[in-house]
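Below is one structure, written out as structure tokens; comments come after it.
The numbers here are math on the coordinates, done by the rules we state, and not lab data. These numbers come from a predicted model, not from an experiment. Cβ: placed from backbone, ideal geometry, glycine included. Neighbour counts: every protein chain shown.
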Amino acid sequence: MLQTVQIVFITLLFNSFAQAQSSTVIRPDRPSQSISPYVVGAGVFQMESGWQQSREKNDIQHDVNLISNQLRYGVSENFEINAMFDWQRDTFSHSPMNNHEGISAVRPGFRFNIFSESKGWRPALAVQTRFQLTTVSSIYRSKNLAPLVIVTTQNDLGKGMSLSTNGLVIYNGNSSIPKYGYTANFGFPIADNLNGFAEIYGYLENSYGTTYGDIGLAYLLTKSFQLDLYGGWGHNRGVTQSFISFGVSWNYQNHNHSSR
């Protein structure tokens, strides 16, 4: 099953590159944990896909192989609808009988851009809302619909540098008590069409906080097609977590829509 999903994912990447064409320079959420405050633009369809291998290790080792896809469509210049679809496989080194795999996330949502660009100290600003549905594989299913709200900002620091932040309120669908999260991301140029970032992020749940860090690269192959690679690490209360991720983002503009 895993090999089949990976083959389909790779096929989609090459097919996406062949079809990608837009007059809009792509600004995807990938890579990083932070999402951007920007919407894709009226009539623009965008897809962001990635593969991630993560590991959690304390007394046992838990590995997760994740394939994620985000679909985005611009309804207007400041509003988009979007949806995330994840497939994952969990393996446990000391208890292989607990290994499982399946569709782990189906999250439709929308993003509303309040300030489209950074001006001085005022950042670009948007609100993203998602809803984790219960139409996933039984092992990953929550009892109820699980909402997620993200407030996202980005400040232009000049010379291609930026500072992005996210504040998150996350419900898991099984409890009325939310988990809170944050990200802080510093982006910087490296060379023509090549950018890097360094980021810290964390969560607070039941008075227990965690902190992580990651770094990554994004290469703009064309104005509508981006490749990325990033990884991260964290150690909290005896649990070490790490991951590496590779992804691709592309967009396509409905020129009939944009010319109205």
Handout entry: Angle in degrees between helix 2-19 and the longest Cα principal axis of the chain, rounded to the nearest 10
Key = 0 degrees
Fill in the blank from the handout: ALA184 neighbourhood, Cβ < 12 Å, K/R = +1, D/E = -1, net charge -2
Practice task
For LYS143, list the lysines whose Cα falls under 23 Å from its own Cα; do not include residues on the same chain fewer than 8 positions away.
Solution key: LYS179
Problem - Charge tally in the Cβ shell below 13 Å around PRO123, where Lys, Arg are +1 and Asp, Glu are -1, PRO123 excluded - result: 0
Exercise for the section: Place the peptides 191-197, 162-168 in order of packing, highest mean first, counting for every residue the other Cβ atoms within 10 Å and averaging per peptide. Expected result: 162-168, 191-197
Practice task
Let me have the 222 nm mean residue ellipticity of the chain computed from DSSP H runs of 4+ only, each contributing -39500 (n - 2.57), with the sum over all residues rounded to the nearest 500.
Solution key: -2500 deg cm²/dmol
Problem - Globularity ratio of the chain, using Cα Rg and 2.2 N^0.38 Å - result: 1.01
Exercise for the section: Evaluate the distance, in nm, between pseudo-label points positioned 7 Å from the Cα of ASN58 and of ILE190 along their respective Cα→Cβ axes. Expected result: 3.4 nm
Problem - 28 Å Cα-Cα reach of LYS223 towards lysines, excluding residues that sit fewer than 8 places from it in its own chain - result: LYS119, LYS159
Practice task
May I ask for the net charge around GLU101, where only other residues with Cβ less than 11 Å from the Cβ of GLU101 are counted and Lys, Arg are +1 while Asp, Glu are -1?
Solution key: 0
Fill in the blank from the handout: Most fluctuating of SER68, SER176, SER104 in the GNM of the chain (C-alpha, under 10 Å) is SER176
Exercise for the section: For SER142 paired with LEU229, estimate the spin-label separation in nm (one decimal), with each label point 7 Å from Cα along the Cα-to-Cβ line. Expected result: 3.5 nm
